[in-house]
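The values are calculated or read from the model by the stated rules, or taken from the named source; none is laboratory data. Because the structure is a prediction, the values reported are computed rather than measured. As a convention, Cβ positions derive from the backbone with ideal geometry for all residues, glycine included, and neighbour counts pool all protein chains shown. Ligands, DNA and RNA are excluded from the accessible area calculation, which covers all protein heavy atoms including side chains. Shrake-Rupley method; radii C 1.70, N 1.55, O 1.52, S 1.80 Å.
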Amino acid sequence: MTASDDLTFTLNGRAVRVSVPPMRRLSQVLREDLDLKGTKVGCDAGDCGACTVLIDGHAVCACLTPAAQAQGRDVRTVEGLANGTLNRLQQAFLHYGAAQCGICTPGMLLAATALLERDPAPSEAAVQDALGGVLCRCTGYRKIIEAVLNAHRFPAEAQGKAATALVGARVPRVDGGGKVTGSEAFGDDLAPADALWLKLIRAPHASARFTIAPLAPLLARYPGIVRVLTAADVPGANEHGVIPAFRDQPVFAVEQVRFAGEAIAAIIGDETTVAGFDAADFPVRWEPLPPLADMDAATQAAAPLLHRDRPGNILTGGFVRRGDIEAAFANAAATVEGRFETSFVEHAYIEPEAGFAHRNGDTLELFVSTQTPHMDRDETARILALPPEKVRLVPTACGGGFGGKLDMAVQPYLAIAAWLLDRPVRCAYTRPESMASTTKRHPGRMHVRLAANNEGLLQAIDFAGDFDTGAYSSWGPTVATRVPIHCSGPYAVGSVLAQTRAILTNNAPSGAFRGFGTPQAAFATESLMDALADRLGIDRLEFRLKNALRAGDRTATGQLLTASVGMADCLVALQAPWQAARAAAQAHNAGNGITRRGVGVACMWYGCGNTALPNPSTMRVAVTADGRVVLYQGAVDIGQGSSTVLAQICAETLGLPLDVLTLVGADTSLTPDAGKTSASRQTFVSGRAIFAAATDLRRQILRLANAGERARLELTGTTLSFVDGADVRQVDLARLPADTNGVVLAAEATFDPPTSPLDADGQGVPYATYAFGAQMAEVLVDCELGTVQVLKVAAAHDVGRAVNPALVEGQIEGGIAQGIGMALMEEYIPGRNTNLHDYLIPTVGDVPPIETFLIEDPEPLGPYGAKGVGEPAMIATPAAILNAIRDATGVTITRVPATPDRVRAAIAAARARGAKASDVQG
Amino acid sequence: MSKGVVDSASHPPHQGPPAVAAPYLRPTSIAAALQHLADGPRLIVAGCTDVLPAHVGKMVVEPVLDLTRIRDARGIREENDHWRIGALTTWADVAEATLPPAFHALQSAARQIGGVQIQNAGTLGGNLCNASPAADGVPALLILDAEVELCALTGTRRLALAEFILGNRQTALRADEILTAIRVPKSACGGRATFLKLGARAYQVISIVMVAARLEVAADGSVAAAAIAVGACSPVACRLPALEAALIGTPCAGDRLRAIVRPEHLHPLAPITDVRASADYRREAALTLVRRALSSFGTGAP
């Protein structure tokens, strides 16, 4: 880099001097030049606040601060907060579970510090004002607010406290320390100093043919480019996909691109060259083609095919049929019908895709932010033409996933580059390229009919849904399959006809996103549940309760539910809040002002794990001669807390305290395959596997001393004590025969939830267990402006057993925040809002107080009765909010997000039709 | 759509890689800054809250003139017949200053721009020179009849804010000039002011519509002077002179004021449809916000 200036400033109390270009972002100076990786980069545009630092005590975005402006000033980063021990605020963050993935945590801590230094006991409004510039995608903000409000109650220095392991306890997350000190290493935090940088060259057109010209002039002009990669350089298969039968996405496009943002080449070189490279200098000739911009265009008879083997641009479909749908509608006492539409939704994790790779002998090692290490490993190996064991994949901390990091992003590019160059190579997507190129929630277009009899019992559902799956398959088939199974909701319905299609278009691939299509379907079905209740003259909550699935009922796929069906209990838990909220809304609306309050309720159910497919997780736990209990667990904690939950289950089962556990993993060379962190499966599936492994290990341990089942274990140094009343026995682990890794005892167990394939009518046992939930939203609608404020959410979820209630609440609150976004503001428009100021996600001021009711109807297969909770709160939220808007205004919004202009237009249209709110509400 | 061939590598060939870091200057006086500018064109920066977001995945390659060391150009002072706001005054400075009630719209805008991080770095001068149609500072300054002070080596000129911002991202700033201050004549500092911002979320949001309003009340309780401006509904935020005229003499009570507002008063607006809202919605929302802003007078709210 030319023209570097000497820069001196105070950093966390110490004078530093560094020679950098004056306009270099301070965030880069801190991270790259001073190696302080605690300051995170989420957007480089001042939109997310992850890079917040304090300059002379004031919070600023380090990404918007030119290095030269730090000259002579006092800069503080997250690394400067703790002084050997956690400060008050950091302790509060750990205590309240205010950090989930941890990527926004440094920014939150610094923004809060600026406030607390002026006002140690601030009001909630002041906290919200202080944190309004930092986005969090995981927590739903409520626990962060609580932590900041209560920070002053914590001691100045953290007190050592023995962790208890009991299942059911609010144990602080085991990986929390690094998240609040900034030492946790995320995807862009680990590359060695000598790593080369990689940048992808991406298509500016949604559909185009292209030709890459000879590269020699480019290389001559940019001596800092050490290599250019194109499709011709892929050692193995130039394709990948998450479902082998549907693999269709090239690593590098060949001759043709199918969405704007698709990669055609990569340049690799030093930081200055790569960061300064103008993609317009890449020698490519584009021949733009008319894109199939949406499902209408893609399904026209004359539409060109995106893929030759997908006639009609239909990727695949899903189908469930049960009972006699026509007869049920013909005999129904009441029927309702509606059409609903949803938009592309962006995951908007605050950590863009990032990682680095290097070659270690004949093994390629990849350190990336991912939800699915073994699958990434296998796909990468195929692309490199290597056996899987020659690729080692080590997930870094994951700064948010939500399904978006179930597809590969930087992985193949880093792997190919590092493999061919035998040099470490790093890459982090910019926010715009992350948003343009990675997967989205499928837009859905649904036509739904419901029928009930005169006793108010649901008789039939007829559901037809099309989903825009974008240019490549990704998880489109999963969405197409999951939706028909779930679209009847958690209700006993005798006749079901559900048909879905995943339609290929020239948009970014739609993939996995919290709920796999079920939030879209719930929005449609739950809207009609209200309409049907109104038609029948039954209270909307009581109507749902009347029809709720119960143990002994059969599902839409004919599955007999035998246990852990807490749907009715969830609704019962909401009865009192429902009545109170209805009364409050009525009182407000009696004023007949321009604002109207409304209350909505919606239910959801969700099958935990893969759909009608094997879904195993393997866990391993060992005791070593040096007195450690090592949990080898390959489940990726993406912030939801699986590392903590699995450790709690392990410790509880072993009968040892949590702090004796050493956690190893995930790492494909060290830990067995725990499967993907997806489908709300880790607590249920991996939790059951660790329960089995720990049960086995405890048996082995007890045998060491011929101790009885009831013996209490204590581990001090290498001495293992067995206490059973007055009977105390001791074993010195150091004296036991150990293997080469020092292991004296070990146990490994696999759990694969029992499911069965679905037949041609979609009948079978797709999931071993289901989560159930009911949620209520209270909203205030400004009828003139169309703005909607969510005032409160109450959420009742049957989680089987809350292994860690604080973490469960975290999942619920975070899911609700994302649901608020989908309901009210989030709409990704390909090519138009690839940043976090045009694409809006909820801020700290958009998530209201949340009251959670944990229903524990134990799942016999689950560890201590537990099942999944990762996705459920997302699913019911948009539906509850939209129903609340309808309750408030009498207007049914059939398209989300319900932005102010759409709500305003719907109200105006209803008024123009002369419909009075009271008439519509019935 | 026609099939075209676009050759993106059509630049003239260079000798080597493009220069990646530019000479960067950070003078301590306006005089020095102007001298630097006379030596050649430069990208003038201050808080960088607009410049760096425009460089995501890119480097700043232009020569830069950073004004943030010019201490004289930061801060708010009362002078003889006007208030002087240095161009480098940050939004946080504005929010924390003690100012007459006529500035409350500006101070309210200051507290609603971006998040705290943006308020601590972003400057008023930068907000005006960036000339975004959605610049939150502009309506609140328009109702104060603000002028900008433009300095060049050849002399200093003053322009009304409405004559300075010419269009979306267009200003009357000449290549040899620096915007050094905003002047608010005391003749426009009477009465009270309010600011309403409409966005699709609570914080850190680009406005769909915003309205600033200032009213002066005569001894008899009627409106003696009115200034109303609407932002994000036209390439440049604009005043509503017909409405202002219609308000004169109206008793300063919320319901009486709002009853004056007619859709035709919003004639100067020319809203567009974008990712945030439709043009029709903007027009309706502007009408609603103008009415609400006026309703808040006479209730003691602003």
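Brief remarks follow.
- Estimated vicinal HN-Hα couplings, Hz - region A:81-98 in sequence order (Karplus 6.51, -1.76, 1.60; Gly, Pro = x): 6, 8, 10, x, 9, 6, 7, 4, 5, 5, 4, 5, 4, 5, 4, 8, x, 7
- Accessible-area value, A:Ile145, 1.4 Å probe, nucleic acids and ligands omitted, Å²: 0 Å²
- A probe of 1.4 angstrom, applied to the heavy atoms of all protein chains, finds A:Asp278 with accessible area near 70 square angstrom.
- Each 10 Å bin from zero up to the one holding the largest Cα-Cα distance in region B:71-187 carries the following percent of pairs: 15, 51, 31, 4.
- In percent, rounded to a whole number, the relative contact order of chain A is 14, using alpha-carbon pairs under 8 Å and six or more apart.
- Computed over the protein assembly as shown, the per-residue total of -39500 (n - 2.57) for DSSP H runs of n ≥ 4 gives a 222 nm mean residue ellipticity of -8000 deg cm²/dmol, rounded to 500.
- In the complete set of protein chains, residue-level accessible area for A:Val174 is approximately 60 Å², probe 1.4 angstrom.
- Note on region A:92-142: percent of Cα-Cα distances in each 5 Å bin, starting at 0 and stopping at the bin with the largest distance, equals 5, 21, 32, 28, 12, 2.
- Peptide-level mean, for A:433-445, of C-beta atoms on other protein chains within 10 Å: 0
- Charge context of B:Arg42, other residues only, Cβ under 10 angstrom, K/R +1, D/E -1: -3
- Overall shape of chain A was characterised from the C-alpha gyration tensor. The equivalent ellipsoid obtained from it has semi-axes of 40, 36, 30 Å, in decreasing order.
- Pairwise centroid distance, computed over Cα atoms, of region A:729-758 with region A:447-472, Å: 47 Å
- Sequence-distant aspartates and glutamates (8 or more away, or on other chains) whose Cα lies within less than 17 Å of A:Lys792: A:Glu124, A:Glu146, A:Glu778, A:Asp782, A:Glu809, A:Glu813, A:Asp846, A:Glu851, A:Asp887
- Scattering curve values for region A:513-672, log₁₀ I(q)/I(0), Debye with Cα scatterers, q = 0.09 Å⁻¹: -0.55
- Residue among A:Gln579, A:Ala327, B:Trp91 farthest towards the positive dipole end of the protein assembly as shown, charges placed on Cβ: A:Gln579
- Altogether, the Stokes-Einstein calculation at 4 °C and 1.567 mPa s, with the Kirkwood radius of region A:617-751 over Cα pairs as Rh, returns a diffusion coefficient of 87 µm²/s.
- Number of partner chain Cβ atoms within 10 Å, mean per residue of A:273-280: 4
- Checking every one of the trypsin sites (Lys or Arg not before Pro) in region A:479-565 against DSSP loop status and a limit of 16 other Cβ atoms within 10 Å picks out A:Arg550.
- In terms of distances greater than 29 angstrom between alpha carbons, the cross-link table entries A:Lys37/A:Lys405; A:Lys40/A:Lys143; A:Lys199/A:Lys390; A:Lys40/A:Lys867; A:Lys546/A:Lys867; A:Lys143/A:Lys546 yield A:Lys40/A:Lys867; A:Lys143/A:Lys546.
- Normalised alpha carbon radius of gyration of region A:8-154 [divisor 2.2 N^0.38 Å]: 0.99
- What you get for chain B, charging only the Cβ of Lys and Arg (+1) and of Asp and Glu (-1), is a dipole of about 500 debye around the Cα centre.
- Per-residue ³J(HN,Hα) for region A:281-292, Karplus 6.51 cos²θ - 1.76 cosθ + 1.60, θ = phi - 60°, Hz, x for Gly and Pro: 7, 6, x, 9, 9, 9, 10, x, 10, x, x, 8
- Near the amide H of A:Phe853, within less than 5 Å, lie the amide hydrogens of A:Ala795, A:Ala796, A:His797, all on another chain or at least 5 residues away, with H placed in the peptide plane.
- Net charge of neighbours whose Cβ lies under 10 Å from the Cβ of A:Leu720, counting Lys and Arg as +1 and Asp and Glu as -1: -1
- Region A:35-55-region A:541-595 distance, computed between alpha-carbon centres (Å): 43 Å
- For the peptide A:53-64, the mean number of other protein chain Cβ atoms found within 10 angstrom of a residue's Cβ is 5.
- DSSP beta bridges in chain A [antiparallel fraction, %, rounded to 5]: 80 percent
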